[in-house]
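Trainee: Here it is: the structure, laid out below.
None of the figures in this text is laboratory data; all of them are computed from the coordinates on show. Being a predicted model, the structure only gives us computed values, none of them experimental. All Cβ positions, glycine included, derive from the backbone under ideal geometry; neighbour counts span all protein chains shown.
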Amino acid sequence: MTAVNISVQDGAVTQSLSGEAYRQAARSWLATNLPASFRSDSTAFAAPSLTQSTGWEAALHRAGFAGITWPTAYGGHGRTLREHLIANQEIGALPMPESVNSIGKELAGPIILAIGTEAQKLRFLPSILDMTNIWCQGFSEPEAGSDLAGLRTRAVRDGDVWRVNGQKIWTSGAYRAQRCLLLARTGPVEDRHRGLALFAVPLDAAGVRVRTIKSIDGKEGFCEVFFDNVEVSQDDALGAPDEGWSAAIRVLAIERATNRMYRSWRFENELRHLIAACKADPVLTGLLEERHYAAMLAETIVDIDVLKAHVETAVDALVAGEQIGARGSLAKLHWSEAHQRFAALAMELLSKASLPLRSEVRVAQRRFEGIYLQSRAETIYAGTTEIQLGIIADRILELARGK
Amino acid sequence: MTNRDEGLSPAEFAATAARAVAACAGLSVAEQGVRLAGDGLVGVVASENVGGLDLPLSFAVPVVAAAGAGLSDFPLMENILLARLLQQRLPRIATTIVAGSISATVAWNGAVTASRQGDRVVLKGCVARAPRAADVGLLLVRVGESAAAIVPLASVARDESSGIDLTQPEYTVQLDAVSVPAENLFAEGTWQDLQSDAFVLRAAAILGSAETCLALAREHVSTRRQFGHALSYNQSIRHTLARHKLGLEGIRQSIARALFQESGLRERRAAFLAASAYGVTISEGAVQMHGGMGFTWDIPVHRHVRRIRALQAQGDASGVLAALGHDYIADVKPAREHAAA
């Protein structure tokens, strides 16, 4: 399958619109501009190239669909969290490609907004949104996965600069990124969570080496990143050495509840695609009429509605000025497991298609095989299921741990 | 959420409802009706012209949840819904329900036939899953597909109580050519409307029960010591209860979502189905956490299991699940081949 040329109309969704009018304008823009070749439910689908993806995402930003709540001074659109939710509902309703810069938009950007200097905000944030700087996340290490307090990559102050030595792993998209949000240790390993600092490391710096890893879906999205005496400017240090990590954790608690807000609505788009594909096949149409499969699909509907409820409740709480705290773990845990169940159901249903395969079924098989394989990672990244359960037990239920 | 200009919030009703339910302990069903009515709980959504508070359904949610949490043996959900259903056509009966001087129930399973005879209607058939039908004066039955009729129970034979919920026993009722005034017959669509609201309130009742079960389990594992430390020291226990908390919040937020202005039958069914699935997991899990104590009458967790299972059956959870799936599938158009761009 080859990428094809795309053309996107420019122009922002009118800034003055709000509420339902904003929703309708967003829906209309997306429906008009999403290229047919980007629709993963279409027989015309062709996996977009990096150039096409960055072009599309830059157009999305210009139209008002990235940096929605970020201040206009930094390239954002200065809209409310409720409008962010509306835009995400409309984005999720369409089968468009995942962002190639989600780390920049949903992790690095919010952290820089929270703890960056004014100069850093002006330097980093607009380039995330216009897609001239793609970011990756350098947190995990071979000996520090869920337990980030055990990480060993070191940053040592050397006059006006920092020198970084160490290795990161599972760094998705590092091969295409310009910047790495690096978590490094400035103190001894025994300090655990103290002495951790964040840096915005340019990946073209001398001493940085990226090696791709072939992963479960056959793609080489995963990377190892090696830092060999890499010189990092003080201008690229985010927050104070002992403050950066704790501030980032506070941001991440909110982000866990609000990032990829579209996923509940994308989940429903996937469900509708599965059913539509089944209806294009006589055998699968018959299966849909069976009570067993109707009930299985209904369980997915309930899962989706519960997920939407988690997201909408989180938005309500944030708008009301409440602390989200550990509640973000509820949505992450529910979504990741429900999505895995659905992906397995989709694979099972589509495997029963009549032969020869219809093109609509083949398209769905390709999409859901990818979703199935990717979904296996969803209970691992952004805090494993076991970590989320621990957070809920510790911080929401406050279960005693001691003897 | 506030109501009009009165500054009321549903949450404020929770404490009142919990106190009222607790005060009903040891009272007869009739006495409970009077007591709960006195606190304004039976008429919470009924109109003011029958003595109700005329509040939205969201205000009934904490009331029914409190009844679930306290294992009330009064059919509160049924009376709340019937007071509102009857307020237009049978306002005098609705007024007596709101006042607690007569109580009612609903046969959630089965339907009867109705034939018109002058200004009366003759009902025939067998209905079931009517909570506390031996202790109340009125019964609502489904007629055909979606109509409904209200029947005085004084002259109607009821079978022995049945059902897994011993606190709020269910009854099967045989209607052998029971004649009621024609005004007791409600139009087609009445049953669906009633069920739609019942999905939300049944979910609320399960929420109350499940919340109590999780609180009891949390307390037990925090204080019960085995192998030299509290049960909550064990990761398997911690993670199981974390999953129960996830389920509980799923129920709570699904109910809230079902009450959004733009929500419809899908969201209401989803709230009930989420409550049904998670409620069973949480309550049965609480029995497991309690070990042998979970089987005694000193700890109410198995009574909550019974209540949740009864509510699941009254709402026909498996049938609703299949119907939700079939309706959703019917709404999706088949995929079509697209020309390459």
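Trainee: Computed on alpha carbon atoms, what radius of gyration and Dmax characterise region B:241-296, expressed in Å?
Mentor: 13.8, 46
Trainee: Here is a further query. Sort B:297-304, A:283-290 by the packing proxy (mean of other Cβ within 10 Å over each peptide's residues), most packed first.
Mentor: In descending order of packing, they fall as B:297-304, A:283-290.
Trainee: Given Cβ point charges of +1 (Lys, Arg) and -1 (Asp, Glu) and nothing else, what value in debye, to the nearest 20, does the dipole of chain A about its Cα centre take?
Mentor: 320
Trainee: Neighbour counts of other C-beta atoms within 10 Å: give me B:Asp327, A:Asp158 arranged from fewest to most.
Mentor: So the ranking, lowest neighbour count to highest, is A:Asp158, B:Asp327.
Trainee: Would you mind checking which residues have amide H under 5 Å from A:Leu238's amide H? H placed 1.01 Å from N; only 5 or more apart, or other chain.
Mentor: Close amide H contacts, sequence-distant or interchain: A:Leu198, A:Phe199, A:Ala200.
Trainee: So who's got an amide H within less than 5 Å of the one on B:Ser179, skipping anything under 5 residues away but keeping other chains? H placed 1.01 Å off N, in plane.
Mentor: B:Leu123
Trainee: Could you give me the percent of Cα pairs per 10 Å distance bin for region B:190-331, shortest bin first, beginning at zero and ending with the bin that holds the maximum distance?
Mentor: In whole percents, the pair-distance histogram is 12, 39, 28, 15, 5, 1.
Trainee: About its Cα centre, what dipole magnitude does region B:127-238 give when the only charges are +1 on Lys and Arg Cβ and -1 on Asp and Glu Cβ, stated in debye to the nearest 20?
Mentor: Charge dipole, region B:127-238, about its Cα centre: 820 debye, nearest 20.
Trainee: Okay, next question. I'd like the Kirkwood hydrodynamic radius of chain B, using the inverse of the mean 1/r over distinct C-alpha pairs, in Å.
Mentor: In chain B this quantity evaluates to 21.0 Å.
Trainee: Another question, then. With the calculation restricted to Cα positions, what are the radius of gyration and Dmax of region B:80-132 in angstrom?
Mentor: 13.0, 32
Trainee: Using a 10 Å cut-off around each Cβ, can you sort B:Asp135, B:Asp54 from fewest to most neighbouring Cβ atoms? Before the final figure, lay out each step's value.
Mentor: Numbers: B:Asp135 21, B:Asp54 17.
Fewest-to-most ranking of B:Asp135, B:Asp54: B:Asp54, B:Asp135.
Trainee: For A:Lys352, which lysines qualify as cross-link partners when the Cα separation must be under 23 Å and same-chain residues fewer than eight apart are set aside?
Mentor: Cα-Cα hits under 23 Å: A:Lys279, B:Lys333.
Trainee: Let me ask something additional. Could you give me the ³J(HN,Hα) list for region A:160-174, computed from phi with Karplus coefficients 6.51, -1.76, 1.60 and θ = phi - 60°, whole Hz, x at Gly and Pro?
Mentor: 8, 10, 10, 10, 10, 9, x, 9, 10, 9, 6, 8, 4, x, 4
Trainee: Please list, in chain and number order, the residues 5+ apart from A:Cys180 or on another chain whose amide H is under 5 Å from its amide H, with Hs placed from the backbone.
Mentor: HN-HN under 5 Å from A:Cys180: A:Cys136, A:Val201, A:Leu203.
Trainee: Let me ask something else. Calculate, axis by axis, the spread of Cα positions in region B:55-211 along the three principal axes, and write the results as whole Å, longest axis first.
Mentor: 50, 35, 29
Trainee: Continuing with the same structure: Under the √(5λ) rule applied to the eigenvalues of the Cα gyration tensor, what semi-axes describe the equivalent ellipsoid of region A:12-108? Give them in Å, descending.
Mentor: 22, 16, 11
Trainee: Got a sec? Charge dipole of the protein assembly as shown, +1 on Cβ for Lys and Arg, -1 for Asp and Glu; which of B:Asn234, A:Gly64, A:His84 is way out at the positive end?
Mentor: B:Asn234
Trainee: Quick one: grab the alpha carbon gyration tensor of region A:262-396, order the square roots of its eigenvalues as a ≥ b ≥ c, and give me rounded if a/c is under 1.5, else prolate or oblate depending on whether a/b is larger than b/c.
Mentor: Prolate, since a/c reaches 1.5 and a/b exceeds b/c.
Trainee: Note the direction-averaged projected area, equal to a quarter of the hull surface, for the Cα convex hull of the protein assembly as shown, in nm².
Mentor: With the hull built on Cα positions only, its mean projection is 35.9 nm².
Trainee: Additional query: If you build a Gaussian network model of chain A, linking Cα atoms that sit under 10 Å apart, which residue out of A:Thr385, A:Thr51, A:Thr186 swings the most?
Mentor: Comparing A:Thr385, A:Thr51, A:Thr186 in a Gaussian network model of chain A, the most mobile one is A:Thr51.
Trainee: Rounded to the nearest angstrom and ordered from largest down, what semi-axes does the equivalent ellipsoid of region A:321-378 get from its C-alpha gyration tensor (root of 5λ)?
Mentor: Equivalent ellipsoid semi-axes, largest first: 33, 9, 8 Å.
Trainee: Please sort by residue number the GluC sites (Glu not before Pro) in region A:105-214 whose DSSP state is loop and whose Cβ has at most 16 other Cβ atoms within 10 Å. Could you put the intermediate results ahead of the total?
Mentor: Working: sites: A:Glu106, A:Glu118, A:Glu143, A:Glu190; in loops: A:Glu143.
Counting only loop positions with at most 16 other Cβ atoms within 10 Å, the GluC sites (Glu not before Pro) in region A:105-214 are A:Glu143.
Trainee: Follow-up question, since we're still on this one. State to the nearest 20 debye the size of the charge dipole of the protein assembly as shown about its Cα centre, where the only charges are +1 on K and R beta carbons and -1 on D and E beta carbons.
Mentor: So the dipole magnitude of the protein assembly as shown works out to roughly 820 debye.
Trainee: I'd like the Kirkwood hydrodynamic radius of chain A, using the inverse of the mean 1/r over distinct C-alpha pairs, in Å.
Mentor: Numbers: mean 1/r = 0.0445 Å⁻¹.
About 22.5 Å, per the Kirkwood formula over Cα pairs.
Trainee: May I pose another question? Calculate for chain B the 222 nm mean residue ellipticity that helices alone would give, adding -39,500 (n - 2.57) per DSSP H run of length 4 or more and normalising by residue count, nearest 500 deg cm²/dmol. If you can, show how the numbers build up before the last one.
Mentor: Working: 10 runs with 167 residues, N = 341.
The per-residue figure over chain B is -16500 deg cm²/dmol.
Trainee: Have a look at A:Pro282, A:Ala253, A:Val201 and report the one farthest towards the positive end of the charge dipole of region A:189-284, computed about the Cα centre with Cβ charges (Lys/Arg +1, Asp/Glu -1).
Mentor: A:Pro282
Trainee: Ok, one more. Would you please classify the overall shape of region B:151-205 from the alpha carbon gyration tensor, given that a ≥ b ≥ c denote the square roots of the eigenvalues, rounded means a/c under 1.5, and beyond that prolate means a/b larger than b/c while oblate covers the rest?
Mentor: On the way: a/c = 3.01, a/b = 1.07, b/c = 2.82.
It is oblate, given that a/c is not under 1.5 and a/b is not larger than b/c.
Trainee: Run the helix sum for chain A: -39,500 (n - 2.57) per DSSP H stretch of 4+ residues, divided by residue count, reported at 222 nm to the nearest 500 deg cm²/dmol.
Mentor: Mean residue ellipticity, 222 nm, calculated: -14500 deg cm²/dmol.
Trainee: Hey, another quick one. Just to be sure I understand: with springs between alpha-carbon atoms less than 10 Å apart, which residue in B:Pro56, B:Pro169, B:Pro131 has the highest mean-square fluctuation in the Gaussian network model of chain B?
Mentor: The residue that fluctuates most here is B:Pro56.
Trainee: Hey, what does the equivalent ellipsoid look like for region B:1-102, semi-axes from the Cα gyration tensor as sqrt of 5 times each eigenvalue, largest first, whole Å?
Mentor: 19, 18, 10
Trainee: Let me check the size of region A:135-242 from its C-alpha atoms; what are the radius of gyration and Dmax in Å?
Mentor: Rg then Dmax for region A:135-242, in Å: 13.2, 44.
Trainee: Per-residue mean of other chain beta-carbon atoms within 10 angstrom of the beta-carbon, peptide A:394-401?
Mentor: Details: counts 2, 0, 5, 11, 3, 12, 10, 6.
Per residue, the average neighbour count from other chains is 6.
Trainee: Here is a follow-up. Please report, in cubic angstrom per residue, the volume enclosed by the convex hull of the alpha-carbon atoms of region B:103-186. Each step should come with its number before you reach the end.
Mentor: Details: hull volume 6.5 nm³, N = 84.
Once divided by residue count, the hull of region B:103-186 is 78 Å³.
Trainee: Towards the positive end of the charge dipole of chain A, with charges on Cβ (+1 Lys, Arg; -1 Asp, Glu), say which of A:Ser28, A:Ala114, A:Ala393 has the farthest Cα.
Mentor: Sorting the options by dipole projection puts first A:Ser28.
Trainee: A follow-up question, please. Of the listed peptides A:302-309, A:377-384, B:150-157, what is their order by residue-averaged count of other C-beta atoms within 10 Å, with the highest listed first?
Mentor: In descending order of packing, they fall as A:302-309, A:377-384, B:150-157.
Trainee: Additional query: Which three lengths, in whole Å and largest first, does region B:264-341 cover when its Cα atoms are put on their principal axes?
Mentor: 68, 27, 17
Trainee: With just the Cα atoms defining each centre, how far is region B:22-74 from region A:383-403? Give it in Å.
Mentor: Their Cα centres are 37 Å away from one another.
Trainee: Something else about it: Find the centroid of the Cα atoms in region B:119-143 and in region A:331-346, then give the distance between the two in whole Å.
Mentor: Cα centroid of region B:119-143 versus Cα centroid of region A:331-346: 43 Å apart.
Trainee: OK, next. Work the Kirkwood hydrodynamic radius out for region B:276-317: mean of 1/r over every pair of different alpha-carbon atoms, inverted, in Å.
Mentor: Computed over Cα pairs of region B:276-317, the Kirkwood hydrodynamic radius comes out at 10.3 Å.
Trainee: Please give the average number of partner chain Cβ atoms lying within 10 Å of the Cβ of each residue in A:307-318, rounded to a whole number.
Mentor: Taking all residues of A:307-318 together, the mean is 4.
Trainee: Averaged over its residues, how many other protein chain Cβ atoms are within 10 Å of peptide B:253-261's Cβ atoms?
Mentor: Working: counts 13, 8, 1, 4, 8, 2, 0, 2, 0.
That average works out to 4.
Trainee: Most exposed first by the Cβ proxy, i.e. fewest other Cβ within 10 Å, how do A:Asp160, A:Asp130 rank?
Mentor: Final ranking by Cβ density, sparse to dense: A:Asp160, A:Asp130.
Trainee: Just B:Arg243, B:Arg35, B:Arg268 to compare: in a GNM of chain B, with alpha carbon springs under 10 Å, which one fluctuates most?
Mentor: It is B:Arg243.
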